[in-house]
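Undergrad: Pasting in a structure now, in C-alpha cells, and then I'll have a few things to ask.
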C-alpha cells in the first residue's frame, strides 16, 4: 500500500521539461517515476549524478526550485513535497545537465586530487587575486543565488512542552501515545511531510496488519489527544543549553501561499526523546557514483511508499536488512562477493564483480549497514561510542545530557519490535503507563563490517564533495592523519549534507590507511544545524523596517513639511538641515541656519538626548559618585554641566543635570549614550551603592525638548511661557531651571543652557504636546525670523564654541585631554577617578584638546588628519595628535577644527602640518584656543 | 539558556546582557595607599575558571535588575541566581562585622 494518491496528479517542470507526478510524491520520487536519471552534476569533477537516497541524507539530488527572485538553490529533491506548478532545475553544469563542458575536470582528475588548490595556486603570488581566485570563484559552489530580496515571509515562535519527541517513526509514535494518554504536554516533530518513519517505506506487518494502518490509527488518536501537538515538516536543527531546541518548520514551498513559508521555532522542553532513526551508508567501490546507484533503503522507500518499481536491480549488501530489497541479482559481501566496477557513464548498464562476472543491471542498491542519527546527542558535547557488533557509532549513555533519552534506531536498536520496546521503556522511565507492545518483526541486522573495495579506480566516499577513497589515503600520506585535518584537507563531510552518508565510511577508510581501529581514529564533531537553515528563517519577520526600529522626534512631522533632510542617529531620525528655495546644497542651508541663529533665534529639536529622572534622599550623593564634579551642593532651580568617567578613567559621557527639588534631579545624556549611561547608573546603584536611597527611570520618550538659541531667544519664549512666570535675566539667570506652564497652562520645564554659545534655553513639554509647541513657537517667532536648525548647524555652532561632542568623547580621551581636568573634584571619590590619574594619562606629553585654524585663509581642514611638527617626516613615529572635528564657520568665514595635540595647552600659535593621507589633503595649521566664538562666554549670560 | 530570575521566574537569556566576573561588585577603596594598584587589578584582572563562575548579568529587556549568576563554564549549568543588590548588601554587612 503506497501513500500516493493516483487520483490527484500534479504537473511540474524539471530543466524546462514538463513532467507529472502525484499527491504524496517528493520531487525525487516524481523524477524517478518519470524516468529522469541524471539530476545534477558533481561538485568538482562534474560527473553525472542521479538520486541516491530518499530523505535528508541525499548528497546528489540538489536542485534549484522556482525562478528569478524567488529561486532557492541547493534544495534536496528528496525532501521537497511535490506541488502543482513546481519548477525545478539541476545545478552545477555549463551547458545542459546531460552534456556539461566542465566535465573536462573528470578527465583531468589526476591533477585535481585532495589539496589541489593549496598546491597549485600558490605561485606567482600576484596571480592569486588577479587570475586564480576569479576563475575558481566562478567554477565554485553549486546553486546560484537570486541576488535580489527574498519576497517570501518567515516567522519565529516559541513553544513550551514537558516532552519533545524528535522523530515519528515506530519508537517516536509509541512514546507519544504513551505520554499523550497520560496527559503529558508533548510535542512530536518529524522532518517528513508524513509521520511514520521507516514503517512507511517497509512492508512489515504490525499486529498482523499493514504497518501503514497502525501508523494511521496512531496518528488519529494523537491528533485527538488534547496535550499532544504534532509538527510535520519540522526539523530539529540544534540542541542548546537548558532544554532549548531549534526547529525549522516548512509550511509550504509554494510561492505566494498565505502565511509564512517557514517558521523558526525555539522549543523549550523539560525532556527530549530522540527517536531520529538511522541513515543507511554506502560502500566505496569504483564508479559507485553512477546514476542508478542508490541506497537499498531508498530503493525500498520508492517501491513501498511511492509505488515505483526500479526494475533490473543488483543488490550489494553486507547485512540482513539489505536483503529485504527486491533485486534481480544479490551480491552478498558476507559470502565473499563484491562489486569492482560500475559501467555506464550516464546511468548504470552493468556491474563487474570480483569474480570477473559482469551482470546487466539498471540500478544498484547498496546497503553498507546503518548509522544511528546521533547528531543531536552531540550538540551539547556528548560523544558517541563505537559498537563493534553493530558496526556503528551509538550514543554514549555516560556523556549524554540527562535531559535527553535516545530510543529506537537512533540508539542502535534496528528492529521494529526493539523500537517499540525502547519506547515503552522510556515511557515508564518518564513515569507513564504503557500500552501492550504491538506485534511485529524483530530481525537481527547481522552486519559484517565492509567499507571499501580497494582498486586503482576512483571509489566515492563523499558524493557531494567528490571525495574519493584515494583522496583520503593521499591526505594521510601527506601527513594529515587526524580526522579533523583530513576533513578540512579533503572537504570530506562538508556542505549541505554534512557527511550524513560519508563520515563513517571516510573514517573507516582512514582507519584502514593508518592501521588503526575506527574508535582510535575518532569521529568528527557534529554541530548545529543538522540540516541547512535558510538565513531568511533566522531573520524571521525582523527585516527591512522591522529589523531596526525607527524613532521619530516630536517635531518630525513639522520638519518633514519644511524640507528637512533627515539623518539616522542610532534609532532616531533627526533633522540634519532644512532646505530653502534658492539654496544650492547643504552648506548653503547650514550656513544660513548658523547665521540666523546667531543673529536672531533658532530652534532645534533635542528630544533625542537621553533624559534620566534621578530621585531619592540620596540622589545628590549618588550623582557625586557617577560624575567627576559635585552635585550634592547644587541648589534647587539650578543646572550644572557634568562629566562622567568609565572606571578606567576615560571619559564616558557628558550632559547637564538640573535639580528640580531636594530629592529630584533630571539628568541629560548624549543621544548615543542614553542606553549605556542608564545601564551604567543602574550598575552603580545596584552593584556598588545598594544602600543609597535613589531611584532611576528613563524619561527620554516622555518629554519633547527644544533648544531655543540666539539673542532673541528670551523674547520669543516670553510669548510662549505663561505670564505668571518671570524669565527675565535677573529672575532666571544662566544655568537656572524651573517648572512652569506654557501656552495657557501646559506643564513645562525650562532650563537655561547653551550648547551654541548664544543666549539659549531648553524647554520641555510632555511629548504629546511637542508638535503643537514647535508650531506655536515657529508661528510666534515669525516677527524675529525664527528658524529651525538641524544637527549640522548644531555641530558647527558647538565647534565654534569649542564644546566637545561624540568625536571628542570617543572612548580614548580623559577629562584632562578634554580640557576639563579642573572639573574633577578633589574632595570626593567618583567612578574612574583613581585610574584617570595614571601616569600615562596625565603626563605633560598627554593629549589636550585645542583649536586649529588654517594658516592660509581658505584652506580646507579634514578630520582624521594627523599633526606633524614642521620639518619632520610624516610618519607614525612623529605623530603629534589628530583632528577630531572640523567645520566651515560662517561666523568667522574660515575652516576651523578641534583636535587633540600632545602637550597642546603649551603650544599655542605653533604651526604644524595637518596631514591626511586618506583624502590627500595636507595643510599647515595654527594652534589656537578651542573657543572660537565668544571665548569669555558673555553672550550666554545676557 | 534559561535564567531563573529571583523575582520573575525563568526567562530566556536573550532578555539579558552579560557583563562578566561578579568580582566587579568588590570595588576597592579610593582612600587606600595602594588604591592605584587595587583599581588596576579590579579593572583589568579576571579569573577564567573552567568550573563554577559567578558573573554579572543585566536584565536589560526586562526589569533592569543586575543579577549575580553562578554558572558552570564547561556545562553552562546555572546553579544560583541572586539579585546583585542583595549580594552587595550582604558584602557590606559582612565587612562591618
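The values are calculated or read from the model by the stated rules, or taken from the named source; none is laboratory data. Please read all numbers here as calculations on a predicted model, not as lab measurements. Methodologically, a virtual Cβ is constructed for each residue, glycine included, from the backbone with ideal geometry; neighbour enumeration extends over all protein chains shown.
Here is a yes/no grid of residues against (1) farther than 22 Å from residue A:280 by Cβ; (2) touching a strand residue (DSSP E or B) at 6+ places or on another chain (Cβ under 8 Å):
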{"site": "A:331", "(1), (2)": "no, yes"}
{"site": "A:335", "(1), (2)": "no, no"}
{"site": "A:355", "(1), (2)": "yes, no"}
{"site": "A:382", "(1), (2)": "yes, no"}
{"site": "A:400", "(1), (2)": "yes, yes"}
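Undergrad: Let me ask something additional. Return yes or no: is residue A:642 in contact with a helix residue (DSSP H, G or I) (Cβ under 9 Å, 6 or more places away or on another chain), part of a strand (DSSP E or B) and touching a residue at least 24 places away in the same chain (Cβ under 8 Å)?
TA: Considered against the rule, which asks whether it is in contact with a helix residue (DSSP H, G or I) (Cβ under 9 Å, 6 or more places away or on another chain), part of a strand (DSSP E or B) and touching a residue at least 24 places away in the same chain (Cβ under 8 Å), residue A:642 comes out as yes.
Undergrad: Looking at (1) surrounded by fewer than 16 Cβ atoms within 10 Å (Cβ to Cβ); (2) more than 14 Å from every other protein chain (Cβ to nearest Cβ); (3) closer than 15 Å to residue A:649 by Cα, can you tell me which one residue A:809 breaks?
TA: Residue A:809 satisfies all of (1) surrounded by fewer than 16 Cβ atoms within 10 Å (Cβ to Cβ); (2) more than 14 Å from every other protein chain (Cβ to nearest Cβ); (3) closer than 15 Å to residue A:649 by Cα except (1).
Undergrad: Do the conditions hold for residue A:57, that is, is it surrounded by 24 or more Cβ atoms within 10 Å (Cβ to Cβ) and at negative phi?
TA: yes
Undergrad: Let me ask something additional. Return the only residue of A:176, A:218 being in contact with a helix residue (DSSP H, G or I) (Cβ under 6 Å, 6 or more places away or on another chain), touching a residue at least 24 places away in the same chain (Cβ under 8 Å) and over 20 Å from residue A:411 (Cβ atoms).
TA: A:218
Undergrad: Tell me which residues, restricted to the stretch B:67-97, are within 17 Å of residue B:16 (Cβ to Cβ), in contact with a helix residue (DSSP H, G or I) (Cβ under 7 Å, 6 or more places away or on another chain) and either more than 11 Å from chain A (Cβ to nearest Cβ) or touching a residue at least 24 places away in the same chain (Cβ under 8 Å) (or both).
TA: B:67, B:68, B:84, B:87, listed by residue number.
Undergrad: Considering only residues that are surrounded by fewer than 20 Cβ atoms within 10 Å (Cβ to Cβ) and within 17 Å of residue A:590 (Cβ to Cβ), which ones fall in the stretch A:892-907?
TA: Those that are surrounded by fewer than 20 Cβ atoms within 10 Å (Cβ to Cβ) and within 17 Å of residue A:590 (Cβ to Cβ): A:892, A:893, A:894.
Undergrad: Check A:236, A:308, A:283, A:339 and return the single one that is closer than 30 Å to residue A:203 by Cα and over 44 Å from the mean Cα position of the chain (by Cα).
TA: Of the residues listed, the single one that is closer than 30 Å to residue A:203 by Cα and over 44 Å from the mean Cα position of the chain (by Cα) is A:339.
Undergrad: Among residues belonging to the stretch A:291-325 that are out of contact with any helix residue (DSSP H, G or I) (no Cβ under 7 Å at 6 or more places or on another chain) and in a loop (DSSP other than H, G, I, E, B), point out the one that is nearest to residue A:415 (Cα to Cα).
TA: Restricting to residues being out of contact with any helix residue (DSSP H, G or I) (no Cβ under 7 Å at 6 or more places or on another chain) and in a loop (DSSP other than H, G, I, E, B), the top hit is A:321.
Undergrad: Does the stretch A:249-267 contain any residue that is within 14 Å of another protein chain (Cβ to nearest Cβ), surrounded by fewer than 19 Cβ atoms within 10 Å (Cβ to Cβ) and part of a strand (DSSP E or B)?
TA: For the stretch A:249-267, residues within 14 Å of another protein chain (Cβ to nearest Cβ), surrounded by fewer than 19 Cβ atoms within 10 Å (Cβ to Cβ) and part of a strand (DSSP E or B): present.
Undergrad: Take the stretch A:678-699 and flag every residue that is over 18 Å from residue B:25 (Cα atoms) and under 35 Å from the mean Cα position of the chain (by Cα).
TA: The answer is A:696, A:697, A:698, A:699.
Undergrad: Which of the residues spanning the stretch A:723-738 are touching a residue at least 40 places away in the same chain (Cβ under 8 Å), farther than 16 Å from residue A:709 by Cβ and over 50 Å from the mean Cα position of the chain (by Cα)?
TA: The answer is A:733, and nothing else.
Undergrad: Further question on the same structure: Taking residue A:644 as meeting all but one of (1) surrounded by 18 or more Cβ atoms within 10 Å (Cβ to Cβ); (2) within 21 Å of residue A:734 (Cβ to Cβ), write down the number of the exception.
TA: Here residue A:644 clears every test but (2).
Condition check ((1) assigned to a strand (DSSP E or B); (2) touching a strand residue (DSSP E or B) at 6+ places or on another chain (Cβ under 7 Å); (3) free of Cβ contacts under 8 Å to residues at least 12 places away in the same chain) across all residues:
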| position | (1), (2), (3) |
| --- | --- |
| A:844 | no, no, no |
| A:848 | yes, yes, no |
| A:853 | yes, yes, no |
| A:859 | no, yes, no |
| A:867 | yes, yes, no |
| A:873 | no, no, yes |
| A:888 | yes, yes, no |
| A:891 | no, no, no |
| A:896 | yes, yes, no |
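Undergrad: Assuming residue A:554 fulfils every condition listed in (1) modelled with pLDDT of 90 or more; (2) surrounded by fewer than 16 Cβ atoms within 10 Å (Cβ to Cβ) apart from one, which condition is it?
TA: (2) is the only condition that residue A:554 fails.
Undergrad: Collect the residues in the stretch A:230-248 that are surrounded by fewer than 18 Cβ atoms within 10 Å (Cβ to Cβ) and within 14 Å of residue A:172 (Cβ to Cβ), keeping them in residue-number order.
TA: A:232
Undergrad: Is at least one residue of the stretch A:365-380 touching a residue at least 24 places away in the same chain (Cβ under 8 Å) and surrounded by fewer than 21 Cβ atoms within 10 Å (Cβ to Cβ)?
TA: yes
Undergrad: Please indicate, with yes or no, whether at least one residue in the stretch A:827-834 is at pLDDT 95 or above, in a helix (DSSP H, G or I) and within 14 Å of chain B (Cβ to nearest Cβ).
TA: Yes, because at least one residue in the stretch A:827-834 is at pLDDT 95 or above, in a helix (DSSP H, G or I) and within 14 Å of chain B (Cβ to nearest Cβ).
Undergrad: Restricting to the stretch A:658-679, name every residue that is touching a strand residue (DSSP E or B) at 6+ places or on another chain (Cβ under 7 Å) and within 14 Å of chain B (Cβ to nearest Cβ).
TA: Residues satisfying the conditions are A:674, A:677, A:678, A:679.
Undergrad: Another question about this same structure. Only residues that are touching a helix residue (DSSP H, G or I) at 6+ places or on another chain (Cβ under 8 Å) and surrounded by 21 or more Cβ atoms within 10 Å (Cβ to Cβ): list them for the stretch A:660-682, please.
TA: Passing the criteria: A:665, A:667, A:669, A:681.
Undergrad: Answer yes or no as to whether residue A:276 is within 25 Å of residue A:175 (Cβ to Cβ) and away from every other protein chain (no Cβ under 14 Å).
TA: When the stated conditions are applied, residue A:276 passes them.
Undergrad: Could you tell me whether residue A:729 is modelled with pLDDT of 95 or more, surrounded by 17 or more Cβ atoms within 10 Å (Cβ to Cβ), closer than 17 Å to residue A:762 by Cβ and away from chain B (no Cβ under 14 Å)?
TA: No, not satisfied.
Undergrad: Scan the stretch B:53-66 for residues that are under 10 Å from residue B:17 (Cβ atoms) and more than 10 Å from every other protein chain (Cβ to nearest Cβ) and report the count.
TA: Summing the residues that are under 10 Å from residue B:17 (Cβ atoms) and more than 10 Å from every other protein chain (Cβ to nearest Cβ) in the stretch B:53-66 gives 2.
Undergrad: Still on this model: Filter the stretch B:24-40 down to residues that are away from chain A (no Cβ under 11 Å) and touching a helix residue (DSSP H, G or I) at 6+ places or on another chain (Cβ under 9 Å), then give me how many there are.
TA: 0
Undergrad: Same structure again: Restricting to helices (runs of 4 or more DSSP H) lying wholly in the stretch A:464-567: which have 3 or more residues that are over 30 Å from residue A:772 (Cβ atoms)?
TA: Result: A:469-477, A:483-490, A:503-514, A:518-521, A:535-539.
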